[in-house]
Amino acid sequence: MNNNIHNQFNDSTLFNPIFYAPSPHSFPKSLVNEKIEDEINILRKSRFFKEFDRVRFSLKLARSIEDRELSGGDDVIRSRALAWCARLLSSSDELSKAEQYLDLAKTLGDCPEIKIAEAFSISQKGEKSTALKVLETFNSPAYRTARFMIVMNHEGAEYAIKWMNDAGYKVEDLDSDGKSILLTHQLELHHWDDASQILTVLDETDFDETPILHYSSALVKLLSTVPTDFRAVVLMRVPFEASSFPLAADANAMQARTEAHDHFLDMVVIAKQLECSNTARLCDEYALWLELKDPEQADYGRKRLEEKLNAPNSALGVVHFALQFGVKLDLAAVERDIEQQVAINGGMTIDAALARFALLETKNTPEEAANYIARYHDQLAPFINSKLMLFRQIELLSRAGLTERANSCIDQLIRHGITDEEESRLRRFIDEAEGTDPLEGLKAQYKTSKTLDNLINLVNELDVRQYWDDVCEYGFLLFDKTHSLTDAECLVNAFNNSHRSAELVEFLNANHNLLQQSKNLHISYAWGLYNEGALLESRTALAELSDISESPNYRALQVNLGIAMGDWASLNAYVTKEYQNRENRSAHDLLRAAKLALHLDFPNAKDLILAAAIKAEDDASILANAYFLSTSAGGENDPIVSQWLEQAAELSGHDGPIQRMRLKDIFEQKPEWDRRESETWKLLERGDIPIFLAAQSLNRSLVELTIIQALGNHSKIDPRRRSAIPAYSGKRLPKQFDITGITVALDATALLTLSFLKILETALNAFQKVIISHSTLGWLFEERQKAVFHQPSRIQKAHYIRNLLATDILERFNPSTVASSDLSALVGEELAALIAEAEKVREDDNTQRIVVRSSPVHRLSHFMEEEADLSSHTSVLSSCLAVVGKLRKKGRITPEEEKKAQSYLQLQEKLWPEQPVISDGAILFLDDLAITYLQHLGLLEKLKSAGLRGVVSPRTFSEVNDLIFYEGISEEVKEAIKRTSDALSSRIESGHVRVGRSRNFSEAGEKSIPEHPTIGIMALAPHCDAVIIDDRFINQHESIGDGSTETPIFSTLDLLDSLETADVISEEEKLEYRTQLRRGGYFFVPVSEGELYRYLMNCDIVNRSVVETAELKAIRESVLRVRMSDYLQLPQEAPWLDTILKAFISVLKNLWADVSDVAACRARSNWVADQVDVRGWAHCFGDEHGDYIVKTGRAAFLQTLLIPPSDVPHIIKDAYWSWLENRILIPLKEQYPDLYTWVVDCQKQLIAEMAERDQIEGDAI
């Protein structure tokens, strides 16, 4: 195609009569021929454009060919041109001219165009058959197209298409014009599939010959992405609600939209060349719309839109685009431009009307918007559907509460005619304004009509109300109809809010191409994968969104992934970046980063907290959290930090995060706290509560109740002080299982136990696949921080005081007297003990003894509201100020140091009345408050050099040791947690460890009970072959079931046995692990006969007593600790006790089966006998039957012992009887004669029965 059709002549003076008027025959014939061909080309191609005046053009061309400037061309070319003119004129009021030019064409030559023109001329006279007869002998595409058009002109498009099919014509049988005409009418008839089919046979030649095909093809492609119900709207022009109009966005749709966009732009170029500016503008508007709706082209489209807004001739026509797609406008300037255009044109134009109607959405209130429509209704009516405006006005009036005016508008519509469905829809607006819930009506209307617009209205209403489950249901139906990006985002948002991550992931997997178009969908997909436990896939999806790495949603998922995958080291980079960008972060962002920084021991944690507090302004929650985080970082003594708490309290009001309470009120709540704590411990003892729930109730962590206790128990010599860890149930005996090729779910409790034993890596590798709860590593991350003491400054102070004690600068308090009970009740046992020690009269010792305690001291029972009367003890009571004065007199502090100390202490204490002067060499009993003040002032280390002896209070001494001990335990716990996280993290990366789906979808919310790993492990049971849990409440049961499947439950005790059976660990290793568990305080660890026998035989005998090995001691103390507690629940947990007692008794008998050293055997037997005294378990049987059960149980034990070992020499039997008599029977006879008599009687009866049986057997012989 010649792309410069007009320019070839219009820019030339060749035929310009202004310059000269030469004879038509003076021009070169070749140029004239070329000009005629170009004019034919223009006429033929432009005739399909509505704005093209083909009658005028045809008349002008015919006249110029007949006897003017184009009359010098070849006859054949002139004949064809005249035939074209006649053909087009025949369908107008110029039929006579058409016939005239047709006759002239016939005189100049013969061509197909003449026959076709003749047929159209005859057809125009109503003679369809005659017209078709003219063409019947010809069978070219042009003739077939002419026949089709003639039938269509007479019978209509529907009939013509049927005629064409009956005639056996295919689309390919028509020329390009025929294909275009057929395509146009298929669209008008809404034959969408047939229209799409035509596109499959078009080629480049068709588009060159009939360029209007670009427009039709663009519409076909575009309409394929439009819901069927809305295609008629788009067929006419770009929808007014362009931004929210649904366009499909799946892969095929996006390809179709791209092709439509290209066709529209091609049409713009061609329409401009053909001087069809309206068509060019329309197609450009379609193209711009597609650009703005396409995420990949949106920026380019926005730039083009801004250019149009800056061009006066196009600005008003795109105002509605600007408002809908977020381009900022000067609204006053828009109003001025509208008025100016109205003035210039003498009335409203389409562009001005569109702009004015678009400004409706900028009004501040519904009433203002409704009045705006009313004011300009008549002005807009010629361009915008009046019914549409009234519909909008009714909606706005209803929202404004102006129901009377709304009803008036409905009456007006009814008079003009609206459907019942339309009236019902409008009535719902009014009903809603009057308080009636329209939702059920919307649902009913959609279910009745099944129309897309009703479905859209329903989904929009559900979305506004946040009825997420309903949005999921109806939103899916909507997307299925539209496949639009907006509807996909609405549906995914509902999936998110209703916690349907599985459906979300499934939906986006099925519509994966949408991810490239929407960052919101992409980040939702990454979150969905994360919530479903597909952490590796989630990380990959997140990496594809690096261009939005600054968004809060991205950063939150980045942190969650790092925590959930155990990649905690990666969080250092995140915290560093947050610190670098702290100026651009909100106070909440900074607090979250600070919390992470504390977890990671990040050096700038305090700076992040400070930055958050500075940005907090009047946010009490931020200030309170900043305070608590800061104290965790050791900043509790910073005056700025203290101000945050005060400020938060002032800002909190009655419902804020910080509430002031009187000490009295706190004490009044203490009984309830104590009751709840006591009840929780009882539930834990009875095995009626999971460990993690008990920890929560006690405001402690699970790590605190398990691994911290285990590590602490190792260092406690006295077993009575060891804490119980109820990991195992005495209800069931150890049970092995085949570990080969199975998938197991490992609970957090089991992970902690295996990490404590340092066997976690071995255990994980033994299974084909391991599943953990989604929250496991996140929970561990939190537990790691809880394991660290939250006020490191107290640890530092504890080390400082211990050093002073170690270097004899301070001394430990060793009381030599007892305080009176009245004084203890008045001020507490510790202060009373210090006063009593200071007041004690000592012979030959005149050393002054002073209790340094700040005044005042309050009575214990009066909630700090009444001072204690210590007037009778003032001779031994001194303030810290007195100590400062003494140090100054002794030259140990400077005047400036004295002044500083006095300024501080005057705010903290008062002087005691008649307090004694501190003598040289005095012994100062320092209570914990005095130590705090003097340590803060740096004066403790100066006491000894001043000749004074500082004595540390018992409470301070105990607290110092406890803090330092806890510090050491904390490091061990952190290392155990690190072992766990590292082991899991590496296997998550390799796929060996899988993560279950999340049960808590609020990334900002607090962790709930359902999110705890132990609860999560229950949901994983159907997906694995076994569940391993070290929680007595749970593993007392054999299995977990959901009604359809049963998954067996095991403990780490069962796992150790199974690992040994599978040769993963040796028997020696297994026994060592059991020993570690016993020493750690794990209750109900079984004792096997072989294990006990081995340990007894390997121990030394010294002075006729067993020297316990660590293993043997662990068994004895473990059983003893259970016996001393109330944890053993009988009869439920009798299997454990029964197994233990039987093992001990069996070993005792076996000791005498192979004796090489009788004395050693006696010693070992004595050790066993000490352990199996049933009387120690009496409290476990209850008051009602305990004594009887103990009596019968002990009797049974004794009767077992009265049966001597068989198959041993008499000397050994005699030794056995001697041991039994001296160790068991004689003490029993002396201490429990009734029981002794009962046992003897039982034994006599047994012997008599045996003798009688032997006699009977002898008589029978």
Near pairs, Cβ below 6 angstrom, 6+ apart or cross-chain, from the stretch 1210-1235 (free of Cβ contacts under 8 Å to residues at least 40 places away in the same chain) to any residue that is not in a helix (DSSP H, G or I): 1213/1204
Can you name the number of the only condition in (1) of a type in the set (Gly, Ala, Ser); (2) within 25 Å of residue 326 (Cβ to Cβ); (3) surrounded by fewer than 18 Cβ atoms within 10 Å (Cβ to Cβ) that residue 408 fails? (2)
Could you check the stretch 725-746 and list, in sequence order, the residues that are under 36 Å from the mean Cα position of the chain (by Cα) and either closer than 15 Å to residue 1077 by Cα or aliphatic (A, V, I, L, M) (or both)? 725, 726, 727, 728, 729, 739, 742, 744, 745, 746
Among the residues of the stretch 873-897, which ones are surrounded by fewer than 18 Cβ atoms within 10 Å (Cβ to Cβ), among the β-branched types (Val, Ile, Thr) and part of a helix (DSSP H, G or I)? 874
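Please go through the stretch 200-238 and give me each residue that is among the hydroxyl-bearing types (Ser, Thr, Tyr) and either touching a Lys or Arg at 6+ places or on another chain (Cβ under 8 Å) or surrounded by fewer than 17 Cβ atoms within 10 Å (Cβ to Cβ) (or both), ordered by number. Before you say what the answer is, go through the steps one by one.
Filtering the stretch 200-238 for residues among the hydroxyl-bearing types (Ser, Thr, Tyr) gives 200, 205, 210, 215-217, 224-225, 228.
Result: 200, 205, 210, 225, 228.
How many residues does the stretch 124-175 contain that are among the polar types (S, T, N, Q), closer than 19 Å to residue 111 by Cα and assigned to a helix (DSSP H, G or I)? Working first, answer last.
From the stretch 124-175, those among the polar types (S, T, N, Q) are 124, 129-130, 137, 139-140, 145, 153, 165; that's our starting set.
Keeping just the survivors that are closer than 19 Å to residue 111 by Cα gives 137, 139-140, 145.
Within this subset, residues satisfying the condition of being assigned to a helix (DSSP H, G or I) are 145.
Residues meeting the conditions: 1.
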Qualifying residues in the stretch 785-814 (those that are under 28 Å from residue 701 (Cα atoms), among the aliphatic types (A, V, I, L, M) and assigned to a helix (DSSP H, G or I)) - the one modelled with the highest pLDDT: 798
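Among the residues of the stretch 913-928, are any out of contact with any Leu (no Cβ under 9 Å at 6 or more places or on another chain) and within 17 Å of residue 810 (Cα to Cα)? Show your work before the answer.
Our first condition is that a residue be out of contact with any Leu (no Cβ under 9 Å at 6 or more places or on another chain); within the stretch 913-928, this holds for 913-914, 917, 919, 928.
If we keep only those that are within 17 Å of residue 810 (Cα to Cα) as well, we get 928.
Scanning the stretch 913-928, I find at least one residue that is out of contact with any Leu (no Cβ under 9 Å at 6 or more places or on another chain) and within 17 Å of residue 810 (Cα to Cα), so the answer is yes.
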Could you check the stretch 472-551 for helices (runs of 4 or more DSSP H) lying wholly inside it with 3 or more residues that are at pLDDT 95 or above and under 30 Å from residue 222 (Cβ atoms)? 485-497, 501-510, 519-531
Test result for residue 943, under 25 Å from residue 836 (Cα atoms), buried (at least 22 other Cβ atoms within 10 Å of the Cβ) and touching a residue at least 60 places away in the same chain (Cβ under 8 Å): yes
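Out of 90, 79, 71, I need the residue that is surrounded by fewer than 18 Cβ atoms within 10 Å (Cβ to Cβ) and not β-branched (Val, Ile, Thr). Which one?
Working: 90 fails: surrounded by fewer than 18 Cβ atoms within 10 Å (Cβ to Cβ); 79 fails: surrounded by fewer than 18 Cβ atoms within 10 Å (Cβ to Cβ).
Just a single option satisfies the conditions, and that option is 71.
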Residue 743 - would you say it is surrounded by 22 or more Cβ atoms within 10 Å (Cβ to Cβ) and either modelled with pLDDT under 95 or more than 20 Å from residue 595 (Cβ to Cβ) (or both)? no
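Just need a number here: residues in the stretch 326-352 that are outside any helix (DSSP H, G or I) and crowded, with 19+ Cβ neighbours inside 10 Å. Don't jump to the end; show me each part of the working.
Here is the first cut: in the stretch 326-352, the residues outside any helix (DSSP H, G or I) are 326-330, 346-349.
Now restrict to residues that are crowded, with 19+ Cβ neighbours inside 10 Å: 348.
So the answer is 1.
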Do we have any residue at all in the stretch 101-109 that's more than 60 Å from the chain's Cα centre (by Cα), in a helix (DSSP H, G or I) and more than 18 Å from residue 65 (Cα to Cα)? no
When the stretch 495-535 is examined, which residues are found to be surrounded by fewer than 20 Cβ atoms within 10 Å (Cβ to Cβ) and more than 22 Å from residue 547 (Cβ to Cβ)? 497, 498, 499, 502, 503, 506, 509, 510, 534
Can you list residue pairs whose Cβ atoms sit under 8 Å apart, with the first residue in the stretch 807-820 being of a type in the set (Ser, Thr, Tyr) and the second being surrounded by 12 or more Cβ atoms within 10 Å (Cβ to Cβ)? Count only pairs 6 or more apart in sequence or on different chains. 816/837; 816/840; 817/836; 817/837; 817/840; 820/832; 820/836
Exactly one of these conditions fails for residue 1032: (1) more than 11 Å from residue 749 (Cβ to Cβ); (2) surrounded by 20 or more Cβ atoms within 10 Å (Cβ to Cβ). Give me its number. (1)
Top-ranked residue in the stretch 423-463 [being of a type in the set (Asp, Glu) and more than 37 Å from the chain's Cα centre (by Cα); ranked as surrounded by the fewest Cβ atoms within 10 Å (Cβ to Cβ)]: 434
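Applying the selection to the stretch 362-371, what residues are surrounded by 12 or more Cβ atoms within 10 Å (Cβ to Cβ) and either of a type outside the set (A, V, I, L, M, F, W, C) or more than 21 Å from residue 409 (Cα to Cα) (or both)? Steps first, please.
Of all residues in the stretch 362-371, those surrounded by 12 or more Cβ atoms within 10 Å (Cβ to Cβ) come to 362-363, 366-371.
Scanning the stretch 362-371 gives 362, 363, 366, 367, 368, 371.
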With the condition kept exactly as written, say whether any residue in the stretch 239-260 is in contact (Cβ under 8 Å) with a residue 24 or more places away in the chain, among the basic types (Lys, Arg), closer than 24 Å to residue 301 by Cα and touching a Ser or Thr at 6+ places or on another chain (Cβ under 7 Å). yes
Exactly one condition in (1) in contact with a strand residue (DSSP E or B) (Cβ under 6 Å, 6 or more places away or on another chain); (2) of a type in the set (Ser, Thr, Tyr); (3) more than 20 Å from residue 956 (Cα to Cα) is false for residue 855; which is it? (3)
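Looking at residue 48, is it closer than 26 Å to residue 184 by Cα, not charged (D, E, K, R) and not in a helix (DSSP H, G or I)? Before the answer, list the steps.
On the way: closer than 26 Å to residue 184 by Cα: yes; not charged (D, E, K, R): yes; not in a helix (DSSP H, G or I): yes.
Against the criterion (closer than 26 Å to residue 184 by Cα, not charged (D, E, K, R) and not in a helix (DSSP H, G or I)), residue 48 qualifies.
So that you can scan it fast, the table gives a plain yes or no per residue for (1) touching a helix residue (DSSP H, G or I) at 6+ places or on another chain (Cβ under 8 Å); (2) closer than 16 Å to residue 848 by Cβ; (3) assigned to a strand (DSSP E or B):
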position: 921; (1), (2), (3): no, yes, no
position: 931; (1), (2), (3): yes, no, no
position: 934; (1), (2), (3): yes, no, no
position: 951; (1), (2), (3): no, yes, yes
Run down 759, 835, 772 and say which single residue is farther than 30 Å from residue 997 by Cβ and touching a helix residue (DSSP H, G or I) at 6+ places or on another chain (Cβ under 9 Å). 835
Selection from the stretch 1126-1141 of residues that are out of contact with any Asp or Glu (no Cβ under 7 Å at 6 or more places or on another chain) and either closer than 20 Å to residue 1079 by Cβ or touching a residue at least 12 places away in the same chain (Cβ under 8 Å) (or both): 1128, 1129, 1130, 1132, 1133, 1134, 1135, 1136, 1137, 1139, 1140, 1141
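For (1) surrounded by 16 or more Cβ atoms within 10 Å (Cβ to Cβ); (2) aromatic (Phe, Trp, Tyr); (3) in contact with a Ser or Thr (Cβ under 7 Å, 6 or more places away or on another chain); (4) not assigned by TED's automatic domain parsing to the domain that holds residue 983, each residue gets a yes or a no:
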| site | (1), (2), (3), (4) |
| --- | --- |
| 559 | yes, no, no, yes |
| 567 | yes, no, yes, yes |
| 580 | no, no, no, yes |
| 595 | yes, no, no, yes |
| 600 | yes, no, no, yes |
| 604 | yes, no, no, yes |
| 612 | yes, no, no, yes |
| 627 | yes, yes, no, yes |
Hits in the stretch 741-784 - residues which are of a type in the set (Phe, Trp, Tyr) and assigned to a helix (DSSP H, G or I): 756, 779, 781
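The values are calculated or read from the model by the stated rules, or taken from the named source; none is laboratory data. It should be emphasised that the depicted structure is a prediction, and the values quoted were computed from it without experimental measurement. Please note: Cβ atoms are built from the backbone with ideal geometry, for glycine as well, and neighbour counts cover all protein chains shown.
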